[in-house]
Amino acid sequence: MSSLARPDDAEQSLQGAHVAGLAQLRPIGIDDWSDVRYVHGSAFRTLIGPHVALRHIDDFLSTLDEPAYADHFGPSRLTGAWLGRELAGTVGWRSSASQGRVARIEGLFVQPLFTYMGLGSLLLAHAEAEARDAGFSSLTVLATPVSVPFFLRFGYDIYVQGAGLAHGASDLPLFLMRKQEAATAPHAGASRERSRPVPSISAPANAGVASSASREPDKALVED
């Protein structure tokens, strides 16, 4: 992110683009779930853990171990990015049935070992393209404060801000973010009226969390 630029960022960006270009994308299968849990757990602990209460980490890791965790992602068309035999990241999307032609991005996690390699951008673009090809003109994601800069970078705006949006984390501040295609987007002024100030953060990371209403894991965690 530009706010965290360092003298060697340009070189790292070039190296990262090369690495992301080597990633192989394919659907997550039943035999991949031990790797998926490892990626999601390590990403949450490393990228979000320093910014939230310990109980939030414990709650997430407990949920991660439940058999139902994989079931929740069933409708999400979860895709994995592999570097060789190593699962480096995941992303999914699903229709948000209560909001018409709106797709929800979820399951966006990048293993900390592979951050700053462009994998988060690659995975997000993949999910957005699939949703767009399926006829969805609007995208949403539920994000924690450390997630916001990443999504802003890719055209998402803050739609709703507040605590109590996540199951099991009623005091965790969250942001519902939304992106619309240019042809169907509302007037820019309307978007700004819905926006809230973006908090200052110390690390670029993406983390969406489970909606309290649907109890489905809108997890997203990347450090691109």
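The values are calculated or read from the model by the stated rules, or taken from the named source; none is laboratory data. Predicted model only: the values in this text are computed from it and were never measured. Using ideal geometry, Cβ is built from the backbone for each residue, glycine included, and neighbour counts are taken over all protein chains shown.
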- request: Give me a count of the residues in the stretch 62-76 that are surrounded by 15 or more Cβ atoms within 10 Å (Cβ to Cβ) and closer than 22 Å to Leu113 by Cα.
  value: 1
- request: Only one of these is under 22 Å from His126 (Cβ atoms), out of contact with any Pro (no Cβ under 9 Å at 6 or more places or on another chain) and surrounded by fewer than 16 Cβ atoms within 10 Å (Cβ to Cβ): Arg55, Arg85. Name it.
  value: Arg85
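Is it true that Arg94 is of a type in the set (Lys, Arg), over 16 Å from Leu47 (Cβ atoms) and at pLDDT 90 or above?
Values: of a type in the set (Lys, Arg): yes; over 16 Å from Leu47 (Cβ atoms): yes; at pLDDT 90 or above: yes.
Here the answer is yes, as Arg94 does meet what is asked.
Restricting the search to the stretch 132-154, which residues are among the hydroxyl-bearing types (Ser, Thr, Tyr) and assigned to a strand (DSSP E or B)? Working first, answer last.
To start, the set of residues in the stretch 132-154 that are among the hydroxyl-bearing types (Ser, Thr, Tyr) comprises 137-138, 140, 144, 147.
Result: Ser138, Thr140.
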- prompt: Can you spot a residue in the stretch 27-47 that is under 23 Å from Leu139 (Cα atoms), crowded, with 23+ Cβ neighbours inside 10 Å and in contact with a His (Cβ under 8 Å, 6 or more places away or on another chain)?
  reply: no
